[in-house]
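To keep things clear, I will list the structure first and then write my remarks on it.
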Amino acid sequence: MCVYLRKYFAVNTAAVTTFHNHYFSAFQAAQEGIAVSRHLEPIGYPEALDEALQLLNDLAARDGKMFLIGNGGSAGIASHLAVDFWKNGKISALAFNDTSLLTCLANDVSFEEVFSTGIRQFARKGDMLICISSSGNSENIVRGVHAAREMGASVITCSGFNPDNRLRQLGDLNFYVPSHSYGIVETLHQLIIHSILDVKLQLQDGLNIFQKNQPIETVG
């Protein structure tokens, strides 16, 4: 076995090194290429963070709720960030990812309506929806946006793959990752949503997000 492994790695080290270099250069290119729009108007990332912060302020002022939706890996991101928004950001946030809920609605209504049904039930004017979709074309995510609009909620979208995907056209703020790699798109979507939360924690809540969300020490 050891001889086999030595032969394997001797043959494949160069290929793995090439993959490593390609992967991380592709990740860096996708991160640097993140494009943001306000509705259909391109804006810079810092401006988008500022506007997202204003949306969060409006949400808190209304004592509103945040909903996060996604499929597969994006559902994992939705669940993770929902917890972070309410535990750390003190915002009422939830994801519709309970197994019984999803299978019930998929069976009794349709899979295309698994998110829109809950949004129509629980969302109110002034709430917020964050949509996460690598392709930007998942029908249940797009219908979730339409339901949020019907209820008067603001919408932030995170999409990838093709630049003309449907989701990218639908939000108040739209974050687009220029990559066709699931791993790269999903990782950067998580970074984007974390940055929206972290700018609130750092600049408004006085927590140092670079030091485990500890209170920022007052100087002087």
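The values are calculated or read from the model by the stated rules, or taken from the named source; none is laboratory data. Computed from a predicted structure; not experimentally measured. Please note: Cβ atoms are built from the backbone with ideal geometry, for glycine as well, and neighbour counts cover all protein chains shown. These accessible areas exclude ligands, DNA and RNA; they are computed on the full protein's heavy atoms, side chains included. Shrake-Rupley method; radii C 1.70, N 1.55, O 1.52, S 1.80 Å.
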### Message
Can you report the number of residues in segment 90-106 which are open to solvent by 40 Å² or more (accessible area, probe 1.4 Å), under 16 Å from residue 120 (Cα atoms) and part of a strand (DSSP E or B)?
### Response
1
## Note on the structure
Within segment 107-162, residues being open to solvent by less than 10 Å² (accessible area, probe 1.4 Å), in a helix (DSSP H, G or I) and without any contact (Cβ under 8 Å) to a residue 40 or more places away in the chain number 4
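Listed here are the residues, each with its yes/no results for (1) more than 20 Å from residue 168 (Cβ to Cβ); (2) in contact with a strand residue (DSSP E or B) (Cβ under 6 Å, 6 or more places away or on another chain); (3) at pLDDT 95 or above.
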position: 2; (1), (2), (3): yes, no, no
position: 12; (1), (2), (3): yes, no, no
position: 21; (1), (2), (3): yes, no, yes
position: 41; (1), (2), (3): no, no, yes
position: 69; (1), (2), (3): no, yes, yes
position: 72; (1), (2), (3): no, no, yes
### Message
I'd like the full set of residues that are touching a helix residue (DSSP H, G or I) at 6+ places or on another chain (Cβ under 9 Å) and either of a type in the set (Phe, Trp, Tyr) or open to solvent by less than 30 Å² (accessible area, probe 1.4 Å) (or both), limited to segment 50-74.
### Response
52, 53, 56, 64, 66, 67, 68, 69, 70, 74
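Taking into account only those residues within segment 163-182 that are among the polar types (S, T, N, Q), farther than 15 Å from residue 38 by Cβ and out of contact with any Ser or Thr (no Cβ under 7 Å at 6 or more places or on another chain), which is surrounded by the fewest Cβ atoms within 10 Å (Cβ to Cβ)? Spell out the reasoning first.
Residues of segment 163-182 among the polar types (S, T, N, Q): 165, 169, 174, 179, 181.
Checking which are farther than 15 Å from residue 38 by Cβ leaves us with 165, 179, 181.
Filter once more, so that each one left must be out of contact with any Ser or Thr (no Cβ under 7 Å at 6 or more places or on another chain): 179, 181.
Details: 179: 22, 181: 17.
For segment 163-182, the residue satisfying everything is 181.
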